[in-house]
Every structure is written in structure tokens, then in C-alpha cells.
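Here, each number is a calculation from the coordinates, and none is a lab measurement. All figures in this text were calculated on a predicted structure; none of them were measured in a lab. Cβ placement follows ideal geometry from the backbone for every residue including glycine, while neighbour counts extend to all protein chains displayed.
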């Protein structure tokens, strides 16, 4: 009996030990499974940037270059603009102007010769008899002849229908009867956009007859809005862009991403006298289309542009340094007065200095132009004038009617 009881106890002990061994093996398998899953999860979290293992490993800090950024799969790139260009190009024209000037040789051709100029234009409308093209006033100013070349490379003569020197816009008219069928089928009227909706950083496209070589496309972004640009007579609030423009681009189109005309290219900053000799890059300017739409409409229909009011003066600013050096008031010094202008009729004289306009001090030209640009022909403005009386300057107020 004792032997049988001992054998039974040994057998039961073996069974218990076997069960314990199986339980331990299962526990080890579960632990290993958890470790594998946990390790895979940690690696995955590190790869997506949620967990940074470099802190745990004591690795050196690294810069986050584009190729190591796994959160953003792609960067932002300049896209292909060929479809927009193809759609808009039939609306753009090249303009060649001819102006009769002195040659300096009195015995050749009566001492005169033609001087050529290059510009651009935008087909903006038509009526029953005319095709109407928008460009800059300075492109057509004093021109004796204008030749317009279309997208099919055919050319016709054009005539100036209306201009605004203040807004630097002009309308050229071409008789529809002078256009052949191929030209009529090749061209199209441009779609105008809303320049007031532009934001700094928006992508833009400039198309124009750069340097007279033919239509050229450049791209860039809006660098600034409402940028004041003094052109010697007026102060334009301009769209600043880094899309390259050069001589010949004037009057060309500035387009938004929809292919709508939002501006008219007209100037670039230069250390020299002309844009063709410019050494400053990336500072180009366009006239906002929304600022001149009423003027364009008036000029297209042969109407007087009442928004084109002006004082009728030329001159320069007296700075604070000049004021101290020459004992003169700070303000706008009048060096020329146009005959029969509002300034002439109000009795202003050369040598007068405008120190205030509508009660506001004049310390730079934009102080005057910003007031005048918001007024129309026939509107009145109050000026404070400093004039010489004996050996000193005295002040008086003058009311000028814009003409």
C-alpha cells in the first residue's frame, strides 16, 4: 500500500509540474508577443514623428530638411501656367510707336527722324465699328504713328481714342473693317478681374512685348499692395510684384491665377533713367485694374473722364534738411503752372510752396496726390500756401477748382 501511495503522489506531482511548465511557456510567449507588438508600435510612432527616439538614444540634434519631413509629403511648387497663357495670349497685342524728333542734322530729311518705341496692349472691348485696346498713356503719348500687331503676327494701324495722363491709361481704336477674317478669328476680348481681391503672396503672370522682342511671359507673386510710386507728376497706388517686366512691357497684362486681368504693367524701379538700363531686380509695378475701370469705360465711349481732375502744377518737395539750410517752409515748391489750369485761375505763382492741403501738412508728394486722386474735375480743394513777402515767408489759404 505504501508503495502504491508513493507512486500515486509522484504521478500527481509530475502532472502539476507539467501544468506549471505549460503555464510558464504560455506566459513567455505572451510576453514576447507584447514586446514585439510594443516595439513595432514605438518604431511606427517614431516614424510619423509622434515619438522621438533620439531623446531616448541620446542622439545629436538634426535639422529638419524637406526630405526628412514625413508629415508633409509634398512641397508647394510653381505650377504650369501654359493653359492660362494659351487662353489669354490672343487678347494681348504688341504696339510700335513712331514719333518725329529732331535728328540734329539740319541738311538731312529737314533735320528730323522717326524715333521708335515699343509697348503692349490688351484687347478689352469692341463696338459696332471699332476694336478697343487698353494701354498706358506713356506708350502712346506724342506718337505720330501706332502699329498694332496681333497674336497671328498681322499688323494694322491704330489711333488714340482717349487718354488719361493722370491715371496713365489710354484707349487705342482700330477699325473692324481693317481686320481680315484670320485676325478676327485669332483674337479675343480679355476678361477683367478684381484687383481689390488680391492678397500679398498671390501668384501673378505678366505678359508683354518685352524690349520689343515680342510677347514674353514671366511669373511671380504680389509683393505689396497700394504701393505709392511717384512718376514725377502723379503718385500712383500700385501693385508691386516680382514678375519681371522691362521696357516694352508697359501696357501689358498682369493676370491672376484665373487668367483675369488684374493690372496693367507700367513701371519698375531703376537706378538709371530708363527701365532698359535698370540694375534693380524684383521691384516691378502694375496699375490696379479696379482703380481705373471707370476711366477706361469713359475713354472707350469717347466721354470726358471726370475723374481726371488735377491742380495743373509741377514742382518738387522741400525736405526738412533743405528747409533748415535755405530757411524755406517744408512743402511742395511750385516750379511750373499750366495755363488755364485750376492753379492758374486761383492765382498761384511759381515759387509758392504748398504747406497744407485740406488742413493736412504736406511733407511728401503723396500727401497731395492722395487727396487729388479721390476727387473729380470741378471739385474744390483748400491749399495753404507760403509765399515770399519781403525777406520772409507768409501764409494764405487758396481754394483751387480742379481742371
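From the list 344, 379, which residue is free of Cβ contacts under 8 Å to residues at least 40 places away in the same chain, surrounded by 14 or more Cβ atoms within 10 Å (Cβ to Cβ) and touching a strand residue (DSSP E or B) at 6+ places or on another chain (Cβ under 9 Å)?
344
Go through the stretch 347-358 and give me each residue that's over 17 Å from residue 380 (Cβ atoms) and crowded, with 22+ Cβ neighbours inside 10 Å.
Taking the stretch 347-358 first, the residues over 17 Å from residue 380 (Cβ atoms) are 349-353, 355.
Across the stretch 347-358, the qualifying residues are 352, 353.
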Which ones in the stretch 199-218 are out of contact with any helix residue (DSSP H, G or I) (no Cβ under 9 Å at 6 or more places or on another chain), surrounded by 14 or more Cβ atoms within 10 Å (Cβ to Cβ) and not in a helix (DSSP H, G or I)? 202, 203, 204, 206, 208, 209
Going through (1) outside any loop (DSSP other than H, G, I, E, B); (2) closer than 19 Å to residue 121 by Cβ one by one, residue 221 fails only at (2)
Scan the stretch 384-403 and tell me whether some residue there is touching a residue at least 40 places away in the same chain (Cβ under 8 Å) and in a loop (DSSP other than H, G, I, E, B). yes
Keeping to the stretch 293-328, report how many residues are surrounded by 18 or more Cβ atoms within 10 Å (Cβ to Cβ), part of a loop (DSSP other than H, G, I, E, B) and touching a strand residue (DSSP E or B) at 6+ places or on another chain (Cβ under 7 Å). 4
Looking at (1) buried (at least 19 other Cβ atoms within 10 Å of the Cβ); (2) under 22 Å from the mean Cα position of the chain (by Cα), which is the one condition that is false for residue 146? (2)
